[in-house]
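Asker: Sending over a structure as structure tokens; questions will come in a sec.
The values are calculated or read from the model by the stated rules, or taken from the named source; none is laboratory data. None of these values were measured; they are calculated from a predicted model. Positions of Cβ are backbone-derived with ideal geometry, glycine not excepted, and every protein chain shown enters the neighbour counts.
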Amino acid sequence: MTAMQGRVEGFPAGFIWGCSNASYQSEGSLHELGRGESIWDVFCRLGGKVAGGGSGEGACDSWRRMEEDVALLRGLGVGAYRFSLSWPRIQPSGKGRPVQGAIDHYLRFCDLLAEAGIEPIVTLYHWDLPQALEDEGGWPMRETAFRFADYAALAFDALGGRVRRWVTLNEPWCSAFLGYGSGEHAPGRKDIGSAYRAAHHLLLGHGLAVGSYRETGLPGEIGITLNPATPRPATRREQDILAAQRFSVERTALWLDPLYGRGYPEAHLAARGIAMPIEAGDLGRIAAELDFLGVNYYNEDAIEAAPAGAGNPDGVAYAGDWHGRTAMGWSIVPDGLARMLARIHGQWRPKALWVTENGAAFADEDMEAGRVHDRDRIEYLRSHIASCRDAIAAGLPLRGYLAWTLMDNFEWSFGYTRKFGLVRVDSATGERHPKDSYHWYRDLLAGFVAP
Ligand code: FCB
């Protein structure tokens, strides 16, 4: 516990508060210590894929400013910091011996966090696949799952003494369907069959990693982070209710069913003519017991039925609604968070739930002498944290809340044009300037303001 931490009204003692981040979005220093290329380095160079032509070069310069970042976290009074390891730093070609310098860096970061009373929560894979593995076929190839498991085992071995909570994958739906289906994310392939193969191999890699974690006998916890969607039907008409259910399968049941031992949602796959590349033993490995389920929640959509066709196999459409929107165009629906947690808990009964990401991009125009008065972000965070309180009051096993994100960073295909941080980063100097939301979150964690 840090000195700052009090008790947030409506949350049990032991509830863990923190922030989330990811390696490629914040580290910069892409050429240090023989780091290999990741699929995002290559994707950013293609041109026309990332707003403003940005890349992870520079980013928040966090690789070199770890002391400063830890000081900001300490000032905030968080109990945990979720960050991801960069696989191409640890294994530049995606296989073989680890780079000791990269491991030493992460060990040092964990030590700095520990000195500040902050628990590291480590994500093994937040989208930065070594390009060398993509060149061999990437996630649609079965081998990639085994390479991921090898890398995970190296990470457990090197950092297992410092890290007590591990997240295998972040939002594998995005890796599979944005990376290989729509091509909006790296590696930018557009083939729906590859997206489903990638989904299976991501899940297999996850299951193998959980299995190898159990073999280490380490006393920590391991889970996965998904971005489920449990949209509202736009109306109470039956066709809209059914449309909303269809919409949610690819983001939710496609992942949770196999993770909780129910196999894949066969009707959904059959309707698309998809046969998953399952081999003997895969489903058992994927269903390895999870200590917790992480969910990232940003928004909840209203869905209506639409004519089904080749480009719209589900026959669904976004319906407009009266909710406000963030700079991402995402609807602001705080109570959708509690609804989603309840739906997931009701259907799959995870032992423990974590909100591993929640936050909002706003233009942050209200600035005065370098200080950002981000009232919109404060209201977004407050109302979503209130929704977490409601979920706990309803008896759900929610154990932690991690705000996305500590600092404005590289927002994938949006480059640096979308800002989610509690802290503004001066793009010219790299200097950090806490926004009002940083001060508000600190006051909340200190027990001075209630959600
Ligand atoms: C999530 C990602 C995270 C960040 C937020 C805004 O989907 O996990 O890296 O980009 O969205």
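Asker: For the subset of segment 344-360 comprising residues that are more than 19 Å from the chain's Cα centre (by Cα) and in a loop (DSSP other than H, G, I, E, B), which member is surrounded by the fewest Cβ atoms within 10 Å (Cβ to Cβ)?
Answerer: The residue in question is Arg349.
Asker: For segment 394-409, give me each residue that is more than 19 Å from the chain's Cα centre (by Cα) and in contact (Cβ under 8 Å) with a residue 12 or more places away in the chain. If you could, list the steps in order and put the result at the bottom.
Answerer: Taking segment 394-409 and keeping what is more than 19 Å from the chain's Cα centre (by Cα), we get 394-397.
Those that are more than 19 Å from the chain's Cα centre (by Cα) and in contact (Cβ under 8 Å) with a residue 12 or more places away in the chain: Ala394, Leu396, Pro397.
Asker: Suppose we filter Asp257, Asp301 for residues that are buried (at least 19 other Cβ atoms within 10 Å of the Cβ) and in contact with a strand residue (DSSP E or B) (Cβ under 9 Å, 6 or more places away or on another chain); which single one remains? Step through it out loud before you land on a result.
Answerer: On the way: Asp257 fails: in contact with a strand residue (DSSP E or B) (Cβ under 9 Å, 6 or more places away or on another chain).
It is Asp301.
Asker: Residue by residue through segment 149-199, note down the ones that are under 18 Å from the mean Cα position of the chain (by Cα), more than 16 Å from the ligand (Cβ to nearest atom) and without any contact (Cβ under 8 Å) to a residue 12 or more places away in the chain.
Answerer: Once the filter is applied, which keeps residues that are under 18 Å from the mean Cα position of the chain (by Cα), more than 16 Å from the ligand (Cβ to nearest atom) and without any contact (Cβ under 8 Å) to a residue 12 or more places away in the chain, segment 149-199 yields nothing.
Asker: With the checklist (1) closer than 20 Å to Val122 by Cα; (2) in contact with a Phe, Trp or Tyr (Cβ under 8 Å, 6 or more places away or on another chain); (3) of a type in the set (Ser, Thr, Tyr) in hand, flag the one item Ser55 doesn't pass.
Answerer: Ser55 satisfies every listed condition except (1).
Asker: Provide a single number: the residues in segment 11-38 that are in a helix (DSSP H, G or I) and either surrounded by 22 or more Cβ atoms within 10 Å (Cβ to Cβ) or among the basic types (Lys, Arg) (or both). So that I can check it myself, show each step before the final result.
Answerer: The first filter runs over segment 11-38 and keeps only residues in a helix (DSSP H, G or I), leaving 23-26, 32-34.
Then drop every residue that is not either surrounded by 22 or more Cβ atoms within 10 Å (Cβ to Cβ) or among the basic types (Lys, Arg) (or both), which leaves 23-26.
Counting residues in segment 11-38 that are in a helix (DSSP H, G or I) and either surrounded by 22 or more Cβ atoms within 10 Å (Cβ to Cβ) or among the basic types (Lys, Arg) (or both) gives 4.
Asker: Let me ask another. Given the structure, is Asp335 away from the ligand (no atom under 15 Å from the Cβ), within 19 Å of Glu411 (Cβ to Cβ) and in contact with a helix residue (DSSP H, G or I) (Cβ under 6 Å, 6 or more places away or on another chain)?
Answerer: Here the answer is no, as Asp335 does not meet what is asked.
Asker: Residues in segment 395-413 that are more than 9 Å from the ligand (Cβ to nearest atom) and more than 11 Å from Gly18 (Cβ to Cβ): how many? I'd like the intermediate steps shown before the answer.
Answerer: Taking segment 395-413 first, the residues more than 9 Å from the ligand (Cβ to nearest atom) are 395-403, 406-408, 413.
From what is left, the residues that are more than 11 Å from Gly18 (Cβ to Cβ) are 395-399, 407-408, 413.
Number satisfying all stated conditions: 8.
Asker: Anything in segment 39-64 that is more than 14 Å from the ligand (Cβ to nearest atom), over 16 Å from Lys419 (Cβ atoms) and either touching a Leu at 6+ places or on another chain (Cβ under 6 Å) or assigned to a helix (DSSP H, G or I) (or both)? List them, or say none.
Answerer: Once the filter is applied, which keeps residues that are more than 14 Å from the ligand (Cβ to nearest atom), over 16 Å from Lys419 (Cβ atoms) and either touching a Leu at 6+ places or on another chain (Cβ under 6 Å) or assigned to a helix (DSSP H, G or I) (or both), segment 39-64 yields Ile39, Asp41, Val42, Phe43, Cys44, Arg45, Leu46, Gly53, Glu57.
Asker: Hey, among the residues in segment 208-239 that are surrounded by fewer than 22 Cβ atoms within 10 Å (Cβ to Cβ) and part of a helix (DSSP H, G or I), which one's farthest from the ligand (Cβ to nearest atom)?
Answerer: Glu238
Asker: Still on this model: Residues that are aromatic (Phe, Trp, Tyr) and modelled with pLDDT of 95 or more: find the strands (runs of 3 or more DSSP E) completely inside segment 361-451 holding 2 or more of those.
Answerer: Working: elements: 398-404, 423-425, 432-434.
Per the criteria, 398-404.
Asker: Which of the residues belonging to segment 251-274 are under 23 Å from Val210 (Cβ atoms) and not aliphatic (A, V, I, L, M)? Steps first, please.
Answerer: Looking only at segment 251-274, we keep the residues that are under 23 Å from Val210 (Cβ atoms), and these are 251-265.
Those that are under 23 Å from Val210 (Cβ atoms) and not aliphatic (A, V, I, L, M): Arg251, Thr252, Trp255, Asp257, Pro258, Tyr260, Gly261, Arg262, Gly263, Tyr264, Pro265.
Asker: Still on this model: Being more than 16 Å from the ligand (Cβ to nearest atom), small (Gly, Ala, Ser), surrounded by fewer than 24 Cβ atoms within 10 Å (Cβ to Cβ) and touching a residue at least 40 places away in the same chain (Cβ under 8 Å) narrows it down to one of Ala391, Ala428, so name that one.
Answerer: On the way: Ala428 fails: touching a residue at least 40 places away in the same chain (Cβ under 8 Å).
So the residue among Ala391, Ala428 that is more than 16 Å from the ligand (Cβ to nearest atom), small (Gly, Ala, Ser), surrounded by fewer than 24 Cβ atoms within 10 Å (Cβ to Cβ) and touching a residue at least 40 places away in the same chain (Cβ under 8 Å) is Ala391.
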